[in-house]
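**Q** One structure coming up, written as C-alpha cells, with questions to follow.
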Amino acid sequence: MNRTAGAQEDTAPGRTGRLRRFVHDNGLALAFGAAFVLAVAGQAAAGRAEFNSLLITDGLAPVDLPAYLTSSDFAVDVTENWQSEFLQFFLYIFVTVWLVQRGSPESKQTGKAGPESDREQLVGEHARDDSPRWAAAPGWRRAVYSHSLGLVMGVIFLLCWFSQSVTGTAAYNEQQLRQLEAPVAWSEYLLRAEFWSRTLQNWQSELLAVAAMAVFSIYLRQRGSPESKPVGAAHAATGVEG
Amino acid sequence: MSREKQRRPPPSRVRTGSRALLTVVLLAATTACGALAERRDDALATVTVFEQALRTGQKEPLCAALAPVTREELEQSARASCEQAIEDEEVPAAGAVRHLDVYGDQARAVLDHDTLFLAHFPGGWKVTAAGCRPRSEQPYQCTVKGR
C-alpha cells in the first residue's frame with residue numbers, strides 16, 4: 001500500500017508538470033478556443049432571446065435552447081461569420097505571396113514578391129532533416145503541401161459559405177411563411193438582397209480590418225507581440241516581426 | 001507466411017477519428033431527415049383534420065385546429081365565439097394537398113382550392129391563416145389570420 005501511495009506521489013507532480021507545460025506551450029490555441037466557446041454560448045443566449053421576442057410578437061410559441069441551437073436562424077448567423085473569417089485568412093495568405101506593403105510586419109520584404117526559390121522555402125533537395133516529409137517529397141505531394149494552409153482555409157471558406165446559403169434559405173423561408181409569403185428556392189435565394197447583404201456586410205468588415213492592420217503596423221507598435229515590429233524598428237523596415 | 005505479414009498494423013488515430021466523425025455526421029443527417037419527415041407528417045395531419053372539419057361543418061375541431069392568435073383575432077373581430085364566427089368566414093373546403101413546405105416551425109400547405117399557413121406549437125401544428133389567395137409581390141390575402 002505504501003509503495004502504491006509512493007508511486008502516486010511520484011507520478012502526480014509529473015502529470016501536473018506535463019499539464020502545466022502543455023497549457024504554457026498551447027496558450028494561444030487554448031485561450032482563443034475557450035473564448036470561442038464562451039462567445040458562441042453568449043451568441044446562442046442572445047440570439048434565442050431576440051428570436052423568441054419576434055415569435056411572441058407574432059403570437060407564436062417561443063423555442064427552447066436546444067431547438068434554437070438546431071434552428072436555421074442560429075446556423076445562418078454562425079456560418080455567415082465563419083465564412084468571412086476564413087475568407088479573410090485565405091485571401092491574406094494568398095495575396096501576401098504576391099503583394100507587399102512597405103514598412104508592414106505583415107508583409108514580406110519588398111523584393112521577395114512571389115513563391116520564392118526552393119532554397120528559400122526549404123523544399124525538395126533543400127529540405128532539412130526536421131522538415132515535414134511532404135516538403136521533401138517530389139510531385140503532387142510537395143505541390144499540395146506547399147499550398148496546404150491557403151487551400152484548407154479556402155475550402156473551409158467555401159464550405160461555410162455554402163452552408164450559409166443553405167441555412168440562410170431555410171431561415172429566410174421560415175420568416176417568409178411567418179409573414180404569409182411564399183418560400184423561395186435555394187437558387188432564387190442566392191439572388192436575393194438578404195443573401196448578399198449578410199455576405200457583404202461581413203466581407204467589408206474583414207477587409208477593412210486587414211487593410212487597417214497592414215497600414216497601422218507600419219507606424220504603431222505593440223511591445224512583445226510577433227504581430228508588431230520591435231518598438232524601435234524603423235517605419236520603413238518591412239517583414240520584421242517583434 | 002512471415003510474422004510481419006500476419007500482424008496487421010493498428011488503425012491510426014487519424015483514421016479512427018475520421019471514422020468516428022463520419023459516423024456522427026451520418027447519424028446526425030439521418031436523425032435530421034427522420035425528424036423533418038415526422039414534422040411534415042404531423043403538419044399534414046393537422047391540414048387533414050382542418051379540411052375534414054370544413055367539409056363536414058364541424059365547428060369545434062375546426063376552431064381547435066386554429067392557432068391561439070388566429071382564433072383570438074377571429075373572435076375579437078366578430079365579437080362572437082370562434083364556433084359562431086367561423087361560420088361567417090368564407091373559408092372553402094379546399095380538396096387535396098398539392099404541395100407542402102415546412103421550414104422550422106412554419107409551414108404552408110397548397111391545396112386544390114385554398115392555401116393554409118401553419119405554425120408549430122407545444123401541442124402540435126396549428127393553422128395560422130386560411131382562405132389565402134396569392135398576390136403579386138405582397139403577402140397572401142387571407143380570410144382568417146392572426147395579427
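**Q** Give me Rg over Rh for the stretch B:64-147, both radii from the alpha carbons and Rh done the Kirkwood way, two decimal places.
**A** Numbers: Rg = 12.6 Å, Rh = 13.2 Å.
Looking at the stretch B:64-147, the ratio lands at 0.96.
**Q** Which longest run of chain A has no exposed loop site in it, a site being GluC sites (Glu not before Pro) in a DSSP loop with at most 12 other beta carbons within 10 Å, and the site itself not part of the run?
**A** On the way: sites that count: A:GLU116, A:GLU227.
Counting at most 12 other Cβ atoms within 10 Å as exposed, the longest clean stretch of chain A is A:1-115.
**Q** Assuming R0 = 22 Å, what is the FRET efficiency of B:ALA96 and B:ASP41, from their Cβ-Cβ distance, to the nearest 0.05? Walk me through the numbers before you get to the answer.
**A** Numbers: r = 16 Å, r/R0 = 0.73.
Computed FRET efficiency for B:ALA96 and B:ASP41 comes out at 0.85.
**Q** Given the convex hull over the Cα atoms of the stretch A:140-193, what projected area results after averaging over all orientations, in nm²?
**A** Numbers: hull surface 18.9 nm².
Averaged projected area of the stretch A:140-193's Cα convex hull equals 4.7 nm².
**Q** Between B:LEU26 and A:THR16, what is the spin-label point distance in nm, taking each point 7 Å from the Cα along the Cα→C-beta axis?
**A** 4.6
**Q** Restricting the calculation to Cα positions, tell me the Rg (one decimal) and the Dmax (whole number) of chain B in Å.
**A** Spelled out, the Cα radius of gyration and Dmax of chain B are 24.5, 92 Å.
**Q** Non-local amide H neighbours of B:ALA129 (under 5 Å, H modeled in plane, Pro and chain starts lacking H): which ones?
**A** The list, which skips near neighbours in sequence, is B:PHE117.
**Q** If pairing requires two Cys Cβ atoms under 4.7 Å apart, which cysteines of the protein assembly as shown are left without a partner?
**A** That list is A:CYS160, B:CYS33.
**Q** Would you be so kind as to identify all helices of chain A, as entire DSSP H runs, whose Cα atoms reach 20 Å or more along the helix's own axis and whose mean Kyte-Doolittle hydropathy is at least 1.6?
**A** On the way: long enough: A:2-25 (35 Å, -1.33); A:27-57 (45 Å, 1.30); A:72-98 (39 Å, 0.52); A:148-178 (44 Å, 0.66); A:193-219 (39 Å, 0.47).
For chain A, where a helix must reach 20 Å along its axis and average at least 1.6, there are no hits.
**Q** Follow-up. Along the charge dipole of chain A, Cβ charges K/R +1 and D/E -1, which of A:ILE218, A:GLN176, A:LEU69 sits furthest on the positive end?
**A** A:ILE218
**Q** In debye, nearest 20: dipole of the stretch B:62-128 around its Cα centre with unit charges on the Cβ of K, R (+) and D, E (-)? Intermediate values should be presented prior to the final figure.
**A** Working: 5 positive and 12 negative charges, 56 e Å.
Once rounded to the nearest 20, the dipole reads 260 debye.
**Q** Here's something else I'd like to know. Mind putting a number on the dipole of chain A about its Cα centre? Charges go on the C-beta only, +1 for Lys and Arg and -1 for Asp and Glu, and I need it in Debye to the nearest 20. Mind dumping the intermediate values first?
**A** Values: 20 positive and 24 negative charges, 203 e Å.
It comes to approximately 980 debye.
**Q** How long is the protein assembly as shown along each principal axis, judged by its Cα atoms, biggest number first, in Å?
**A** On the principal axes, the protein assembly as shown reaches 86, 66, 49 Å in Cα extent.
**Q** For peptide A:58-65, how many partner chain Cβ atoms fall within 10 Å of a residue's Cβ, on average?
**A** Numbers: counts 7, 10, 12, 9, 1, 3, 1, 0.
Mean shielding by partner chains, rounded to a whole number: 5.
**Q** Still on this structure: Using DSSP, restrict attention to beta bridges with both residues in the stretch B:12-145 and report what percent are antiparallel, rounded to the nearest 5. Mind dumping the intermediate values first?
**A** Values: 21 of 22 bridges.
The antiparallel fraction comes to roughly 95 percent.
**Q** Here's something else I'd like to know. Got a sec? How would A:ASP77, A:ASP58 order by Cβ neighbour count within 10 Å, fewest to most? Can you show the working numbers first?
**A** On the way: A:ASP77 20, A:ASP58 15.
Lowest to highest Cβ neighbour count: A:ASP58, A:ASP77.
**Q** Which Cα, out of B:GLY34, A:VAL95, B:VAL24, lies furthest along the positive dipole direction of the protein assembly as shown (beta carbon charges, K/R +1, D/E -1)?
**A** Farthest along the dipole direction, towards plus: A:VAL95.
**Q** Just subtract the alpha-carbon distance of A:ASP64 and A:GLU85 from 0.36 nm times their residue separation and send over the number in nm, one decimal. Spell out each step's value before the answer.
**A** On the way: separation 21, 0.36 × 21 = 7.56 nm, distance 2.88 nm.
Length difference between fully extended and current span is 4.7 nm.
**Q** Scan the stretch B:63-120 for GluC sites (Glu not before Pro) in coil per DSSP, keeping those whose Cβ has at most 16 other Cβ atoms within 10 Å, and list them by number.
**A** Numbers: sites: B:GLU72, B:GLU73, B:GLU75, B:GLU83, B:GLU87, B:GLU89, B:GLU90; in loops: B:GLU89, B:GLU90.
Passing sites in the stretch B:63-120 are B:GLU89, B:GLU90.
**Q** Which value does Rg/Rh take for the stretch A:92-242 over its C-alpha atoms, Rh per Kirkwood? List each step's numbers first, then the result.
**A** Values: Rg = 21.7 Å, Rh = 19.1 Å.
The Rg/Rh ratio comes out at 1.14.
**Q** To continue, here is another question. Restricting to DSSP loop positions (anything but H, G, I, E, B) with no more than 16 other Cβ atoms inside 10 Å of their own Cβ, which trypsin sites (Lys or Arg not before Pro) remain in the stretch A:66-133? It would help to have the intermediate numbers written out before the result.
**A** On the way: sites: A:ARG102, A:LYS108, A:LYS112, A:ARG119, A:ARG128, A:ARG133; in loops: A:ARG102, A:LYS108, A:ARG128.
Listed in order of number, the matching sites are A:ARG102, A:ARG128.
**Q** Continuing with this model, one more query. Given R₀ = 25 Å, FRET efficiency for B:GLU137-A:LEU200 by Cβ-Cβ distance, to 0.05?
**A** 0.55
**Q** Within the stretch B:10-84, report the trypsin sites (Lys or Arg not before Pro) that DSSP leaves as loop and that have at most 12 other Cβ atoms within 10 Å.
**A** Of the trypsin sites (Lys or Arg not before Pro), the ones in loops of the stretch B:10-84 whose Cβ has at most 12 other Cβ atoms within 10 Å are B:ARG79.
Here, each number is a calculation from the coordinates, and none is a lab measurement. Worth saying up front: this structure is predicted, and the values here are computed from it rather than measured. Backbone-built Cβ (ideal geometry, glycine too); neighbour counts: all protein chains shown.
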